[in-house]
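Report on one structure; see the data block that follows.
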Amino acid sequence: MKVDTARGGFEVARTGDGGRPLVALHALALSGRVWDPMAAALAGSHQVFAPDARGHGGSDWDGGPFSIADLADDVAAIVETVADEPVDVVGLSMGGSTAILLAQRHPDLVARLVLADTTADYGPDRVAQWTERAEKAVGVPREKQVTFQVDRWFSPSFVETHPDEVRRVSDIFVATNSQAHAAACHAFAGLEAEAGLGDIQAPTLVLVGREDYATPPAMAETLAARIPHAHLEVLDDTRHLSLIERPDIWPVVEKHLS
């Protein structure tokens with residue numbers, strides 16, 4: 001469904017008709033549809049809203065630069081439109097960074113948090129690192145970026161045993177606007193949200209794949225140590241898209257949110 005807000009129009013995949021509202025925020029260069037399997041599994045307890053970030057999927061974008069804080073304010077506008085109570089928030093990778101800023105900037109909108117394979121700061125080399133990633137996002141055909149992405153997203157065993165799911169996620173990636181992908185990379189270059197982690201009051205579950213080299217376990221440990229009401233789970237044999245690779249963790253997420 002399209003949700004019109006003062007900050008623009010956002011495509012939002014909605015799953016479930018009852019239960020507590022849950023907003024699921026996707027990873028870089030994907031869309032809300034990446035959550036379809038998990039949303040279906042949680043639909044019994046939650047009404048799941050999975051928005052496309054600006055420029056991703058079917059959401060509007062004016063082509064200009066934006067920050068992760070802008071993405072968080074976008075989500076706040078969506079929440080204020082679709083829900084009449086604080087929402088649970090699950091954020092994966094870019095979605096997790098967005099959720100961190102959402103909880104810092106709009107604490108009244110967030111009931112509980114799940115932060116998966118994410119960070120509040122990519123460190124001192126982030127500008128050079130993400131500038132290079134932005135250049136590749138627009139300079140390399142999307143189909144030729146898939147091998148690099150899949151190696152980051154999923155463990156080799158998952159790639160071998162779940163080819164249909166790997167293809168589903170890859171197709172979402174290939175369909176993503178390359179300019180929006182690059183703009184999001186530049187947004188990560190400016191991400192500095194560690195100082196506000198102590199202000200997050202929402203009970204928080206932090207998840208990370210033990211083999212995640214995009215946002216390694218040390219980054220998750222920082223989140224769990226600095227967010228007051230946080231608990232860390234490190235998932236063996238798992239890479240960056242842990243909540244896609246590990247459906248056996250969905251009940252853990254549901255328990256935390258309940």
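What are the pairs with Cβ atoms under 9 angstrom where one residue, in the stretch 57-84, is within 13 Å of VAL23 (Cα to Cα) and without any contact (Cβ under 8 Å) to a residue 60 or more places away in the chain and the other, located anywhere, is among the aromatic types (Phe, Trp, Tyr) and buried (at least 19 other Cβ atoms within 10 Å of the Cβ)? Sequence gap at least six, or different chains.
VAL75/PHE10; VAL79/PHE49
Here is a list of conditions, (1) of a type outside the set (S, T, N, Q); (2) out of contact with any Gly (no Cβ under 7 Å at 6 or more places or on another chain); (3) surrounded by 16 or more Cβ atoms within 10 Å (Cβ to Cβ); (4) not in a loop (DSSP other than H, G, I, E, B), and LEU191 meets all of them except one; can you say which number that is?
The one condition LEU191 does not meet is (4).
With respect to LEU207, determine if the residue is closer than 21 Å to ASP237 by Cβ and surrounded by 19 or more Cβ atoms within 10 Å (Cβ to Cβ).
When the stated conditions are applied, LEU207 passes them.
Would you tally the residues in the stretch 17-51 being over 26 Å from HIS240 (Cβ atoms), touching a Gly at 6+ places or on another chain (Cβ under 8 Å) and surrounded by 18 or more Cβ atoms within 10 Å (Cβ to Cβ)?
Going through the stretch 17-51 one residue at a time, the tally reaches 1.
For the stretch 232-254, what are the residues that are in contact (Cβ under 8 Å) with a residue 24 or more places away in the chain and in a helix (DSSP H, G or I)?
Correct list: SER242, LEU243, ILE244, GLU245, PRO247, ILE249, TRP250, VAL252, VAL253, GLU254.
Filter the stretch 1-16 for residues that are of a type outside the set (Lys, Arg) and assigned to a loop (DSSP other than H, G, I, E, B); which is surrounded by the fewest Cβ atoms within 10 Å (Cβ to Cβ)?
Result: ALA6.
What are the residues in the stretch 178-188 that are buried (at least 20 other Cβ atoms within 10 Å of the Cβ) and either farther than 20 Å from GLY95 by Cα or in contact with a Phe, Trp or Tyr (Cβ under 9 Å, 6 or more places away or on another chain) (or both), if any?
Within the stretch 178-188, ALA180, HIS181, ALA183, ALA184, CYS185, ALA187, PHE188 meet the criteria.
Quick check: is even one residue across the stretch 142-165 at pLDDT 95 or above, within 30 Å of PRO107 (Cα to Cα) and of a type in the set (Val, Ile, Thr)?
There is no residue in the stretch 142-165 that is at pLDDT 95 or above, within 30 Å of PRO107 (Cα to Cα) and of a type in the set (Val, Ile, Thr).
The values are calculated or read from the model by the stated rules, or taken from the named source; none is laboratory data. If you're wondering where the values come from, they're calculated on a predicted model, not measured in any experiment. FYI the Cβ positions are ideal-geometry reconstructions off the backbone, even for glycines, and counts take in every protein chain you see.
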